[in-house]
1. Can you tell me the length gained on complete extension of the stretch residue 103 to residue 195, counting 0.36 nm per residue apart and subtracting the Cα distance?
2. In deg cm²/dmol, rounded to 500, what helix-only [θ] at 222 nm does the chain give when every DSSP H run of at least 4 residues adds -39500 (n - 2.57) and the total is split over its residues?
3. With a point put 7 Å past each Cα toward its Cβ, work out how far residue 20 is from residue 84 in nm, to one decimal.
4. 7 Å from Cα along Cα→Cβ at both residue 408 and residue 95: what's the point-to-point distance in nm?
5. Taking 25 Å as R0, compute the FRET efficiency from the Cβ-Cβ separation of residue 419 and residue 117 and round it to 0.05.
6. Of 195, 119, 170, which is farthest towards the positive pole of the chain's charge dipole, taken about the Cα centre with +1 and -1 on the beta-carbons of Lys, Arg and Asp, Glu respectively?
7. Once you sort the root eigenvalues of the Cα gyration tensor of the stretch 110-486 as a ≥ b ≥ c, which label holds: rounded (a/c under 1.5), prolate (a/b larger than b/c) or oblate (the other case)?
8. May I ask you to order 9-18, 248-257, 121-130 by the average number of other C-beta atoms within 10 Å around their residues, highest value first?
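Read-outs throughout are calculated quantities, based only on the coordinates presented, and are distinct from any laboratory measurement. Remember, it's a predicted structure, so these values are computed and weren't measured experimentally. In this analysis, Cβ positions are derived from the backbone assuming ideal geometry, glycine residues included, and neighbour counts consider all displayed protein chains.
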Amino acid sequence: MLRRHVYDKYASCMVRGGSVSMESRTGYSLTWETEGTGCDSEGLLHFALPHQVDTMSGTPTKTDTSGAIVLHSAARGKMVGQVTTTPKWSFMEPEADFKIDFYPVRKPSPLVVLETDMLRTLQKDIIDDWDMNADSWYYNGKYFQKYASLCLMASDSSVVGADTLLLAYCLEKLEAMIEPVLNNTLSPPLMYDTLYSGLISSSIFKTGSIYTEFGNGMYNDHHYHYGYFVVASAMLKHLDPTWSRMPELEKIIWTMLRDVANPSADDTYFPRFRHFSWYLGHSYSHGVTSIDSGKDEESTSEDINFYYGMTLWGRVTGNKAVEDLGSLMLRLDARAVRTYFLLKSDNTIHPPEIVRNHVTGIFFDAKVYYNTWFLDEKYAIHGIQMIPVSPVNELARTPEFVEQEWNDILSKEEIVIEVNTTITWLSLLLVNAATVNQTDALYKLKNTTMDDGLSRSWALYNAATRCRDGLTLEPSATLDLALQLQST
């Protein structure tokens, strides 16, 4: 049948809207609101994106199916027409072998802990001055997760042995530091906005600029900003569940979760899933601001960080429904990131001119732009997809992808070749590179200036747990770690 005849056949059944339902920890459905005389007699013709075809239940039509109707989307590859007699699409997002947890799936070896001086580095990071005085919910959130991660390390016997005093000191320091969060005296205070029903920074009213705090007051990046607080608070709840002020912190975190990913249509204070698109499989960065090329997403790793935190928060609070929803959204998000944003060499979604970059950069609805909003440097374009450093990074950043990205792009960057330890982005690139060259990365992380959201001990800890066998890395030489450290 000719394509125009197919369209004619199903023209009398139109989509007017849709809704999402979570069916299980691994399953969800999209139910289309349809209208027209042909819906019952002929069925619905509607188009699915590549990541949807891969997980759709039943026997979905694929691009190579005989008679398939294929449309080119603006920036997400080929969409395939699906004909269904019911307006419901069901999907399964299986739980991979990768375990979602606070700690890395692999522990650092005793030898690496010793040779990198990991314990002494952790002690120094914990004793150093801490603060959350950035006058920004984004940066203060980064600091909160950074310091909470140190306490998490202090609870890992593979690093600290039987010592419990370091953890106790770290928790006392962390809990004292976040008191302004509990009192909403952290500058600038949060407020509830009745216009768009959400939790925003009050700084927009102080400055009069919609760009203040990356546009938080216009609902930009809430999943980035609040994700740090959710993850850090889950860590704190895991480590010290009976802390006397935990109920106050819980109230704040539940409010942040409702602002970004409220699942309830009955909640009169927050909309459902403000940032997350269940059709696209990922979040949008921009809120109520208009963009010429459509809404966008830049930092996929910070997007993933939010749903990672949501999963962990549900677990530590005993709310299985939230844990299951967070797990589902996290894995769907990671699938979309692997499909559209982080590009292995065999990616067929984007043209070769895009694929060879291995990351898309800023991903708009109508285009991709190999850049960032803040710095036109490759190390930043790639590095923004690596923050914050955490065990969950590996869910989207597969070993094969990391190897290709490093060999084709990052290993050729001047800051990598010259080991420019003054540029903080190098610390992120090296933790990432440890997936395929752990020894080299650990050695260089000894003296690299850290990203503002990353401590040296946490960088070493994560790098020490990311080694993969069977991959090769070019072009830097790898020496024996012990010999390198002995020579310094």
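1. So the extension gain works out to 29.1 nm.
2. Computed mean residue ellipticity for the chain: -12000 deg cm²/dmol.
3. The modelled label-to-label distance comes out at 1.5 nm.
4. 3.4 nm
5. Values: r = 19 Å, r/R0 = 0.77.
For R0 = 25 Å, the calculated efficiency reads 0.80.
6. 195
7. The shape class here is oblate.
8. Working: 9-18: 14.7, 248-257: 18.2, 121-130: 16.5.
Answer by packing, highest mean first, reads 248-257, 121-130, 9-18.
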